[in-house]
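*Asks:* I have a structure here, written as structure tokens, and I will follow up with some questions on it.
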């Protein structure tokens, strides 16, 4: 088995896609324990992986800004070419990713065989096998050209000590010690993935009425959504906290890691929860488990409705193609609260 000394792994898609790459990184570190492993992610995600023990360094790629053009991608690849990498693995299938890979001229470059231009960018390609594998196993296919067998590790997000300290201080400052704490993240990049605000509000009200503290999260642009939910639930108070816009991504991950249970749509924050072993209820509407991006583990529950029109896309469209959004409407607040209540009643590990 060839011993690689410096490995680059490229995954510049969404938060969830980058998190699902963690088992691949862990497997590479087991196979090549003395290698440097460098991980490229999209701009804004780097801090999230700064505590990951398998990773030597995290690099950000500004795909919506200065690195947007193919020329910029080529320049980055040429810069990487002089840094001594002997293995390059790309988990992303975009043309821009292929341009970076080819420009590196690294001796061994591995990617998926589709789209067609990948076969010009990588020295070896593999079938993603989208229809019969889940995403973590699809990513593990990228090891096949190395002729190295490694079990698929669990996805385990490890945050830096500074983030864990922030979460501990947050708990103390807000008097959360001894509370059962439910986290609710009602947003998503894709509107059709979002459960109804009235339904979220009803769950928050249920929790507060049973003396469960609820932290309602929201990222940039989701402040109005969170405010609507909180107001419909009865407003902020001893048991309800509006945290929309108050936490950066790393802080959000750290606070989520201390929750008693969590409720999300099929979204990036869903992956922040289950990869930290947090009991989770995830709501799937336009997407389905079979697509392979669902939360794993015995502590995770996916709630969904059986409809012929599902799935209606890999991510979920901006608007319901059938104009009814029944995939989300038919998941009731009673179902969701029942699933969450069962998790809150479980003793902590």
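A short reminder: the numbers here are calculations on the coordinates, not readings from a lab. If you're wondering where the values come from, they're calculated on a predicted model, not measured in any experiment. We place every Cβ from the backbone using ideal geometry, glycine too, and count neighbours over all the protein chains shown.
*Asks:* Quick one: 288, 216, fewest Cβ neighbours within 10 Å first, how do they rank? Could the numbers behind the result be given before it?
*Replies:* On the way: 288 19, 216 26.
So the ranking, lowest neighbour count to highest, is 288, 216.
*Asks:* If you take the beta carbon distance between residue 71 and residue 346 as r and set R0 to 51 Å, what does 1/(1 + (r/R0)^6) give as a FRET efficiency, to the nearest 0.05?
*Replies:* On the way: r = 53 Å, r/R0 = 1.05.
Using R0 = 51 Å, I get an efficiency of 0.45.
*Asks:* Mind checking the full-extension length gain between residue 306 and residue 334? Use 0.36 nm per residue of separation minus the Cα-Cα distance, one decimal, nm.
*Replies:* On the way: separation 28, 0.36 × 28 = 10.08 nm, distance 1.75 nm.
Once the chain is fully extended between residue 306 and residue 334, it gains 8.3 nm.
*Asks:* Quickly work out the residue 123-to-residue 223 label distance, labels modelled 7 Å from Cα along the C-beta direction, and quote it in nm with one decimal.
*Replies:* 5.1 nm
*Asks:* Let's test this: bin the Cα-Cα distances of the stretch 254-349 at 5 Å from zero up to the farthest pair and state each bin's percent.
*Replies:* All Cα pairs considered, the percentages come to 2, 14, 25, 22, 18, 12, 6, 2, 0.
*Asks:* Quick one: if you stick a label point 7 Å off each Cα along the C-beta vector at residue 324 and residue 105, how many nm between them?
*Replies:* 5.9 nm
*Asks:* Can you tell me what share of the DSSP beta bridges in the chain is antiparallel? A percent to the nearest 5 is fine.
*Replies:* Taking every DSSP beta bridge within the chain, about 0 percent pair in antiparallel fashion.
*Asks:* What angle do you read, to the nearest 10 degrees and between 0 and 90, between the alpha-carbon axis of helix 161-173 and the longest principal axis of the chain?
*Replies:* The answer is roughly 10 degrees.
*Asks:* How many percent of the alpha carbon pairs in the stretch 237-280 exceed a separation of 17 Å? The partial results should precede the final answer.
*Replies:* Details: 284 of 946 pairs.
Tail of the P(r) past 17 Å holds 30 percent of the pairs.
*Asks:* Suppose we look only past 19 Å in the calculated P(r) of the stretch 6-58. What percent of the Cα-Cα pairs does that tail hold? Kindly include the intermediate steps, with their values, before the conclusion.
*Replies:* Details: 223 of 1378 pairs.
Percent of Cα pairs beyond 19 Å in the stretch 6-58: 16.
*Asks:* When the chain is modelled as a GNM with alpha-carbon springs shorter than 10 Å, which of 257, 82, 44 fluctuates the most?
*Replies:* 82
*Asks:* Please order 328, 1 by the number of other Cβ within 10 Å, starting at the fewest. Could the numbers behind the result be given before it?
*Replies:* Details: 328 22, 1 9.
Ordered from fewest to most neighbouring Cβ atoms within 10 Å, 328, 1 come out as 1, 328.
*Asks:* Hey, in the GNM for the chain with a 10 angstrom Cα cutoff, which one of 219, 84, 187 fluctuates hardest?
*Replies:* 84
*Asks:* Considering the convex hull of the alpha carbon atoms of the stretch 100-246, report its projected area averaged over all viewing directions, in nm², one decimal.
*Replies:* Details: hull surface 54.0 nm².
That works out to 13.5 nm², a quarter of the Cα hull's surface.
*Asks:* Tell me, 290, 298, 29, 6 in order of fewest to most beta-carbon neighbours within 10 Å? Write down the numbers at each step before the final one.
*Replies:* Values: 290 11, 298 7, 29 20, 6 17.
By the 10 Å Cβ count, ascending, the order reads 298, 290, 6, 29.
*Asks:* Obtain the nm distance between the two label points defined at residue 81 and residue 141 by a simple spin-label model: each point lies 7 Å from its Cα along the Cα-to-C-beta direction.
*Replies:* Output for this residue pair reads 2.9 nm.
*Asks:* Given the alpha-carbon gyration tensor of the stretch 161-344, what are the semi-axes of its equivalent ellipsoid in whole angstrom, ordered largest first, with each equal to the square root of 5 times an eigenvalue? Can you show the working numbers first?
*Replies:* Working: eigenvalues 133, 59, 47 Å².
Whole-Å semi-axes of the equivalent ellipsoid: 26, 17, 15.
*Asks:* As an exercise, find the ratio Rg/Rh for the stretch 6-146 from alpha-carbon atoms, using the Kirkwood inverse-distance average for Rh. Write out the running numbers ahead of the final one.
*Replies:* Working: Rg = 13.7 Å, Rh = 14.9 Å.
Using only Cα positions, Rg/Rh for the stretch 6-146 is 0.92.
*Asks:* Can you pull a Stokes-Einstein diffusion coefficient for the chain at 4 °C (1.567 mPa s), Rh from Kirkwood over Cα pairs, as a whole number of µm²/s? If you can, show how the numbers build up before the last one.
*Replies:* Numbers: Rh = 21.2 Å.
The estimated diffusion coefficient comes to 61 µm²/s.
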